[in-house]
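Visitor: Below are the structure tokens for one structure; questions will follow.
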Amino acid sequence: MFLLTCFLFNGRVSTYTPNAVNAYESRTVPGNLDVLGEAASDSTVTVNGGTAERLGNYFRAELAADNTLTAIQQTVTTVATRDEETATVTSQRFLPKTPETFTHDDDGNLTSDGRWDCVWDAENRLVQQTATASSVAAGAKNLKLTCAYDYAGRRINKTVSEWDGSGWMQIYSLNFLYDGWNLVAEVAANGGPTLRSYAWGADLSGGDNAGGIGGLTFIRYPIEGKTLAVASDGQGNTSALYDMEDAGVKATYEYGPFGEPLRVSGPFAEVNSFRFSTKYENPETGWLEYTFRDYIPALGRWASQDPIGEAGGINLYGFVSNDPINAVDPWGLFESHPWLRAVVPGQILWDNALTSFENGNVGTGVGFLGTMLAEQTLAVAMFGQGTTLMQGSRTTTTYCTVTRWQNPASEALETGNWVIKGDKSFWNWAMSGKMNPLRPQYHVPFNQGRTFQVSEFTLRTPRGLEGLKAAPPWNQRLYYP
């Protein structure tokens, strides 16, 4: 056991105590609450009676809270005054008791922290969260969240209830409708109306291989009669919502490096749940749903272990190798570097080049080849010549890595962490690294003495099979005819 001390962005210190499998057992929680927001630069802003610091339209205030003996539920009242106009916003902020303790079940799932008691099913899916007794005693709402899932692991219902002293009274219940893995509608349960619907385009991968990150384009609010356009930053985080009628800004978001919200402002900011990494944030908990795991921005960690255990790395709870500035996680399974696009490099680029040459567009074909070589050079510079990349993911020690051919003509690979048989389209899917969670049966642990078996197709590379055998690992790519 050891202690990990973190210096937070505001100079405060928090110390984390992990156990032997790197799950947190406790952490110290600084006794401060930050309040940040926006108001007209010529207005006066107070928070709980104290004058806020100003920088242009931004304001910040720090509230001290003694959480050494109990958790704190703090009422925050923000007042902005300009001329004779006054606007008041009141909210509730929760601060856990320090130190905050964590417990886990035998599968490594988080079962309690300073705010929630959690229940997981046999598939390690979060099915219930209930407010802890200590948080209720501090004044937090006594809430219960229950979730249901379909055969593929998609959450299809969420119900929120509150204890009224004698029983649980339902606040709301939502059904979730999907197109593949993208949520397309939230519908009130029991025959209720559609509350929100979503339109999706290409995500960070240029298609649909990044788990929808950066791919949300429009949100429709039928009851309010509003359609909002979604603006995302370079990492696929929702940064703003714009009204399609008058182009007015309806919401703005700013995040810390691990997705912790810094500013959430605007009339539609709270009712929109797709925020950091374009993942669904539960407003009651602040946890993000990544399809196969739940992520806790306040901790910068997953709430459960990596589904493939240490085959995915020794840190079973680590989020994208602690590098969310440069990497994303499409589904809660593996990190990806979407800005490298198609680096294995280049099934897409190579096929585009071939098509261009076949159509007589020599210049365009040469351009595709040049881009492929540039990405290949970048991959080597970033990760080293001995590393194989697939769909922009670092995979030599985790998923579907290919290092050397044993005998390409016999369609068998020397190294194997996958067992796959399929047609040409499935081969294309597997070798381009599209870790499609619709086929979890093919997501098997690394180094189990298995071989990579393929059938019913032939292989083609820029240099032929001999070139493929002679190429260094980073230059081995597969293409289907």
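Computed from the coordinates by the stated procedures, all read-outs in this text should not be read as laboratory data. Everything numeric in this text was worked out from a predicted model, so none of it was measured. Don't worry about glycine lacking a Cβ; one is built from the backbone with ideal geometry, like all the others, and counts go over all protein chains shown.
Visitor: Residue by residue through region 295-301, what is 3J(HN,Hα) from phi via Karplus (6.51 cos²θ - 1.76 cosθ + 1.60, θ = phi - 60°)? Round to whole Hz and write x for glycine and proline.
Guide: Calculated HN-Hα couplings, in order: 10, 10, x, 4, 9, x, 9 Hz.
Visitor: To continue, here is another question. In nm, what is the difference between 0.36 nm times the number of residues separating residue 310 and residue 134 and their Cα-Cα distance?
Guide: Extending this stretch completely gives an extra 59.9 nm.
Visitor: Follow-up. With label points built 7 Å along Cα→Cβ from the Cα atoms of residue 105 and residue 177, find their separation and express it in nm.
Guide: If labels sit at residue 105 and residue 177, their model points lie 3.2 nm apart.
Visitor: Describe numerically, in nm with one decimal, the distance between label points set 7 Å from Cα along Cα→Cβ at residue 262 and at residue 249.
Guide: 1.4
Visitor: Compute the FRET efficiency between residue 233 and residue 121 as 1/(1 + (r/R0)^6), taking r as their Cβ-Cβ distance and R0 = 35 Å, and round to the nearest 0.05.
Guide: Working from the Cβ atoms, E equals 0.50.
Visitor: Using the Karplus equation 6.51 cos²θ - 1.76 cosθ + 1.60 (θ = phi - 60°), what ³J(HN,Hα) coupling, rounded to whole Hz, does each residue of region 39-52 give in order, writing x for Gly and Pro?
Guide: My calculation for region 39-52 gives 7, 3, 4, 9, 9, 9, 10, 10, 10, 6, x, x, 6, 7 Hz in order.
Visitor: Moving to a separate point now. Work out, step by step, the length gained on full extension between residue 321 and residue 202: first 0.36 nm times the residue separation, then minus their alpha carbon distance; give nm to one decimal.
Guide: 40.3 nm
Visitor: Give me, ordered by chain and number, the residues 5 or more places off residue 214 or on other chains with an amide H under 5 Å from its own placed amide H.
Guide: 278
Visitor: Hey, what do the phi angles of region 312-325 turn into as Karplus ³J(HN,Hα) couplings, whole Hz, using 6.51/-1.76/1.60 and θ = phi - 60°, x for Gly and Pro?
Guide: So the Karplus estimates, Gly and Pro as x, are x, x, 6, 8, 6, 10, x, 9, 6, 6, 6, 9, x, 6 Hz.
Visitor: Before anything else, pin down the relative contact order of region 104-308: Cα pairs under 8 Å, at least 6 apart, normalised by residue count, whole percent.
Guide: Here the relative contact order equals 10 percent.
Visitor: Okay, moving on. If I stretch the segment between residue 188 and residue 13 completely, what's the gain in nm (0.36 nm per residue apart, minus their alpha carbon distance), one decimal?
Guide: The residue 188-residue 13 span can extend by a further 58.7 nm.
Visitor: Could you please state, rounded to a whole Å, how far the C-alpha centre of region 121-163 is from the C-alpha centre of region 227-267?
Guide: After rounding, the separation between the Cα centres reads 27 Å.
Visitor: Also, I was wondering about something else. Between residue 354 and residue 87, what is the label-point separation in nm under the 7 Å Cα-to-beta-carbon projection?
Guide: In this crude spin-label approximation the distance works out to 5.7 nm.
Visitor: Right, next: For residue 205, list long-range residues whose amide hydrogen, built 1.01 Å from N in the peptide plane, is under 5 Å from its own amide hydrogen.
Guide: Those lying under 5 Å, H to H, from residue 205 are 210.
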